[in-house]
Amino acid sequence: MNAGFIGIGRYTPEKIVTNADLEKVMDTSDEWIRTRTGIEERRIADDSIDTSDMAFFAAEKALIDSGISADELDMILVATVTPDQPFPSIACMLQEKLGATKAAAMDISAACAGFMYGVVTAKQFIETGAYKNVLVIGVEKLSKVTDWNDRNTAVLFGDGAGAAVIGPVSEGRGILSFELGADGTGGKHLYQDEYIIMNGREVFKFAVRQMGESSLNVLEKAGLSKEDVDFLIPHQANIRIMEASRERLDLPVEKMSKTVHKYGNTSAASIPISLVEEVEAGKIKDDDLIVMVGFGGGLTWGAIALRWGR
Ligand SMILES: CC(C)(COP(=O)(O)OP(=O)(O)OC[C@H]1O[C@@H](n2cnc3c(N)ncnc32)[C@H](O)[C@@H]1OP(=O)(O)O)[C@@H](O)C(=O)NCCC(=O)NCCS
């Protein structure tokens, strides 16, 4: 039995903060942000919307898209490093809000690679036959852990949520291979004290290396090569890192998802938000071979090769 994506949904806050808006409150420029990161604007949730609210909005859409009801969910996995509170988990809050009465629920902390960790965990439960439908969400309200006086980090991040119902799909489709990894020795390069602290250059070097390697590894594990790839969905941290991954796979520009200019780095939410946008834009079709790859604080990374379709 193959696990795959049977429904997807996203939520991004209404409020847009442009680079020009940031120029007014810190020593930065639209030109610096665009050329170094590719980011033009990001969404920021207002005080009335917390992480669990964004997760709920995205989850509702994914459930509608999947055609299954909340009481058919066996498990809820929420990847986030910005929960409303340490506990109860966002997953448990959603379990109640959605009415997913028989679902087990837990949060996953793997920073920007969190959605990949969630999808791969869901796959294990489904392919062993233990569970049928698992709701996986990547959600962050990074604005609440962003130091708005630190131009090194404040320009990079945004808020949002993306969700997917993972369940059994027809033969030949679904998640063909995966890779998850971690390197705790690099934890010092990206962490949260009160706010996000980052050694941008170290994270950059790690990301360029790992995104390319993990993408190639999942293809090899699936018995495929880079010529087979129809679409790449990289974690949307920085256009230069994303371009390096695309070049490792020898893919043309139009075969890589790019939403970083609109949303900045939304951490665990960036891959599922991008997935929803590409499917809605008609760029991903049934039987396309998709590679998704993410990296983040921890350090962590994760990738999957996926044959799209139910
Ligand atoms: C953060 C990042 C964009 C910086 O780009 P960079 O090309 O490495 O820039 P540098 O570190 O060389 O900094 C260049 C200069 O710009 C300055 N600078 C930093 N942020 C700035 C900003 N927002 N506006 C203007 N100048 C800025 C720095 O202070 C530095 O000045 P200095 O040379 O006088 O010291 C890049 O390192 C990066 O994207 N790293 C990965 C971050 C990431 O993906 N994090 C999330 C992981 S999930």
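The values are calculated or read from the model by the stated rules, or taken from the named source; none is laboratory data. Note that the structure is a prediction, hence the values are computed from the model and not measured. Ideal geometry is used to build each Cβ from the backbone, glycine not excepted, and the neighbour counts take in all protein chains shown. These accessible areas exclude ligands, DNA and RNA; they are computed on the full protein's heavy atoms, side chains included. Shrake-Rupley method; radii C 1.70, N 1.55, O 1.52, S 1.80 Å.
Data table
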{"item": "Accessible heavy-atom area order of D183, D193, highest first, probe of 1.4 Å", "result": "D193, D183"}
{"item": "Using a Förster distance of 45 Å, the FRET efficiency for T18-K102 (Cβ separation, nearest 0.05)", "result": "0.55"}
{"item": "For the range 240-250, 3J(HN,Hα) per residue [Karplus equation, 6.51 cos²θ - 1.76 cosθ + 1.60, θ = phi - 60°, Hz, x = Gly/Pro]", "result": "6, 5, 4, 4, 4, 5, 4, 5, 4, 9, 6"}
{"item": "Radius ratio Rg over Rh of the chain, counting only Cα atoms, Kirkwood formula for Rh", "result": "0.94"}
{"item": "Carbon plus sulfur fraction of accessible area for the range 2-169, probe 1.4 Å, in percent", "result": "51 percent"}
{"item": "Max mean-square fluctuation residue, GNM over the chain, Cα-Cα springs under 10 Å, options A70, A59, A20", "result": "A20"}
{"item": "Potential extension, M1-D193 segment - 0.36 nm per residue separation minus Cα distance", "result": "64.9 nm"}
{"item": "The chain - accessible surface per residue (Å², probe 1.4 Å)", "result": "40 Å²"}
{"item": "Separation in nanometres of the label points that stand 7 Å from Cα toward Cβ, at Q124 and S29", "result": "4.9 nm"}
{"item": "Contact order relative to length of the range 174-307, as percent, for alpha carbon pairs under 8 angstrom and 6 or more apart", "result": "40 percent"}
{"item": "Candidate aspartates and glutamates - alpha carbon under 17 Å from K24, same-chain residues fewer than 8 apart omitted", "result": "E40, E41, D147, D150"}
{"item": "Sites H261 and T185 - FRET efficiency at Förster radius 45 Å, r taken between beta-carbons, to 0.05", "result": "0.85"}
{"item": "All lysines inside 18 Å of K144 as judged from Cα atoms, apart from same-chain residues fewer than 8 positions distant", "result": "K15"}
{"item": "Gain on full stretching of the segment that runs from S69 to R310 - 0.36 nm per residue minus C-alpha separation", "result": "85.1 nm"}
{"item": "The chain: relative contact order in percent, alpha carbon pairs under 8 Å with at least 6 residues between", "result": "26 percent"}
{"item": "Solvent-accessible surface (1.4 angstrom probe) belonging to K205, in square angstrom, nearest 10", "result": "120 Å²"}
